[in-house]
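Participant: Encoded as structure tokens, here's the structure I'll be asking about.
The values are calculated or read from the model by the stated rules, or taken from the named source; none is laboratory data. Since the model is a prediction, treat every value here as computed from it, not as a measurement. Glycine gets a Cβ as well: all are built from the backbone with ideal geometry, and neighbour counts include every protein chain shown.
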Amino acid sequence: MTARRARLLLALLATGCAGPPAGEPRLVSVAALAPGIDLQIRYAGANNFVGAPIDGYEAPVCLLSEPAAQALAQVQSDLEAEGLGLRVFDCYRPQRAVAHFARWARDLADERSKPQYYPRAEKAALFAEGYIAERSGHSRASTVDLTLLEGGRELEMGTPFDLFDPRSHTESPEVGEAPRAARLRLRTAMERRGFRNYPLEWWHYTLEDEPYPDRYLDVPVR
């Protein structure tokens, strides 16, 4: 057993993630592998487009598949060498949370969050435009939403997290030179460790070789 593998096993044991039932996916606490990553898990509280804690989020923690967690820890290590770091907004997302988003999107009478989260979109079009879905890659436990930090502050990305708008597209021409450069800096760092970007959302990355590509999990985040 390599020293790195031994450290990983100890981290899994410490967080209670080392022994899932036979055949069940392993969910790993990212904080145990990369304590330098800043966690701001938005769906565990009310600071999100629904305006309430989301079903299935029982704690503000980041869980991922073991390969995704290891890769993300490597991204953080790479960035720390450049004086940067990561802030994570969401990681593994239970299917019940995805269903909560879908119920919200179908409630066309509730537009309280429109000015902040979808000012130029119609709520009825959020499914068709790819911002809300019945299933999410997050539920396969190898997708993460995140941004870059420098000196503890978020780099300017041109839009906030979860803005449902073409300006949030990774290569949007509507944002300035500095935000575009910051988005590409994040993409370069993530791609180096095997993640791919979702082009409609600059913050959204999935591990290319995700271990559970056909599994949509519904274990609560706790």
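Participant: Please determine whether any residue of the range 198-214 is touching a His at 6+ places or on another chain (Cβ under 8 Å), free of Cβ contacts under 8 Å to residues at least 40 places away in the same chain and under 17 Å from residue 64 (Cα atoms).
Facilitator: Within the range 198-214, not a single residue is touching a His at 6+ places or on another chain (Cβ under 8 Å), free of Cβ contacts under 8 Å to residues at least 40 places away in the same chain and under 17 Å from residue 64 (Cα atoms).
Participant: Within the range 83-102, can one find any residue that is free of Cβ contacts under 8 Å to residues at least 40 places away in the same chain and in a helix (DSSP H, G or I)?
Facilitator: yes
Participant: Restricting the first residue to the range 20-36 and requiring it to be surrounded by fewer than 16 Cβ atoms within 10 Å (Cβ to Cβ), which pairs with a second residue that is at pLDDT 75 or above and of a type in the set (Lys, Arg) meet a Cβ separation below 8 Å and a spacing of at least six or different chains?
Facilitator: 20/26
Participant: What residue, of 133, 105, 71, is touching a strand residue (DSSP E or B) at 6+ places or on another chain (Cβ under 7 Å), in contact (Cβ under 8 Å) with a residue 12 or more places away in the chain and among the small types (Gly, Ala, Ser)?
Facilitator: Working: 133 fails: touching a strand residue (DSSP E or B) at 6+ places or on another chain (Cβ under 7 Å); 105 fails: touching a strand residue (DSSP E or B) at 6+ places or on another chain (Cβ under 7 Å).
Exactly one residue qualifies, and that residue is 71.
Participant: Here's something else I'd like to know. Run down 176, 194 and say which single residue is small (Gly, Ala, Ser) and on the phi > 0 side of the Ramachandran plot.
Facilitator: From the options 176, 194, the qualifying one is 194.
Participant: Right, next: Among the residues of the range 53-72, what is the count of those that are under 14 Å from the mean Cα position of the chain (by Cα) and not in a strand (DSSP E or B)?
Facilitator: Going residue by residue through the range 53-72, those that are under 14 Å from the mean Cα position of the chain (by Cα) are 57, 60-65, 68-69, 71-72.
Then keep just the ones that are not in a strand (DSSP E or B); that gives 60-62, 68-69, 71-72.
So the answer is 7.
Participant: Is it true that residue 178 is free of Cβ contacts under 8 Å to residues at least 60 places away in the same chain, surrounded by fewer than 15 Cβ atoms within 10 Å (Cβ to Cβ) and either of a type outside the set (D, E, K, R) or touching a Gly at 6+ places or on another chain (Cβ under 6 Å) (or both)?
Facilitator: The answer is yes for residue 178.
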